Every structure is written in C-alpha cells, then in structure tokens.
Amino acid sequence: MLKFANRYAKVSDTRFCSDKSVAAVVIKGLAHHKETLGAPLCPCRHYEDKQAEAKQGYWNCPCVPMRERHECHCMLFLKDDNPFVGDCQNLDLDDILLLKNT
C-alpha cells in the first residue's frame, strides 16, 4: 500500500498531510483491509458489513469521491489548496513504522 500511495500521490498531483502520522495510520489501515478483505477499503469510515463494502468497491482506495472530485475523506491525498497539505509526495517504510502509532 505504501508503493500505491506514493505512486497515486504523484499521478493525482496530491500531497500527504503535513502531519505524516495521518498518512502512516491510513496506509496501515488500507494494508490491513487489503490483507483481510482482499481490497484496500477506506479505514476512516464505519461499515455495517466491511466485506460487502469491499466487494462493492465504492470506498476502496482510491475511492469514488477521490477519483471523481479529488476529495479524500482520510486526508491521505490532499490538493495544494487544503490547509493541512504538506510538501511530501513520497513516504518510506521507516516513516510508516515510526509514525503509525503516534
């Protein structure tokens, strides 16, 4: 999921949150859902049935709102006009491991 996030940030011309722990927690959640559900279901939402939501695909990252309107509910992919945008389009594994529990 880290490779995906780094690549998607570049392709979509977005950046990670200035608080890199936000990106770390979201990427960890996406990876967990990819492993347990078979799809990178958005970890920032509540679902009655995660398996059904993952299968339906609307909230799989990048979700439909992100693909259509560049609106990331998780604050993982931010446009330059977002007040929380950072200057980073690339995280490394050390960032994720260090920040995921902060």
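The values are calculated or read from the model by the stated rules, or taken from the named source; none is laboratory data. In this text the structure is predicted, and so the values were computed from the model without any measurement. Cβ atoms come from the backbone with ideal geometry, glycine included; neighbour counts cover every protein chain shown. Surface areas here come from the heavy atoms of the whole protein model, side chains and all, with no ligands, DNA or RNA. Shrake-Rupley method; radii C 1.70, N 1.55, O 1.52, S 1.80 Å.
The residues of segment 14-90 expose, per residue, 56 Å² of accessible area to a 1.4 Å probe. For A39, the shell of other residues with beta-carbons less than 12 Å away shows a net charge of +1, using +1 for Lys and Arg and -1 for Asp and Glu.
Atom-type composition of the exposed protein surface of segment 5-65 places 50 percent of the accessible area on carbon and sulfur (1.4 angstrom probe). Absence of a disulfide-compatible partner, taken as no other cysteine beta carbon within less than 4.7 angstrom, is noted in the chain for C17, C42, C61, C63, C72, C88.
From the helices alone, meaning DSSP H stretches of at least four residues, give me the mean residue ellipticity at 222 nm for the chain, per-run term -39500 (n - 2.57), in deg cm²/dmol to the nearest 500.
-13500 deg cm²/dmol
Put simply, the convex hull of the Cα atoms in the chain casts, on average, a shadow of 6.2 nm². Mean separation of Cα pairs under 8 Å and 6 or more residues apart, divided by the residue count, gives the chain a relative contact order of 43 percent. Here is the list for segment 1-69: GluC sites (Glu not before Pro) lying in DSSP coil, each with at most 14 other C-beta atoms within 10 angstrom of its C-beta, are E48.
Filter the trypsin sites (Lys or Arg not before Pro) in segment 8-102 down to the DSSP loop ones having no more than 13 other Cβ atoms within 10 Å, then list what survives. Those satisfying the criteria are R45, K79.
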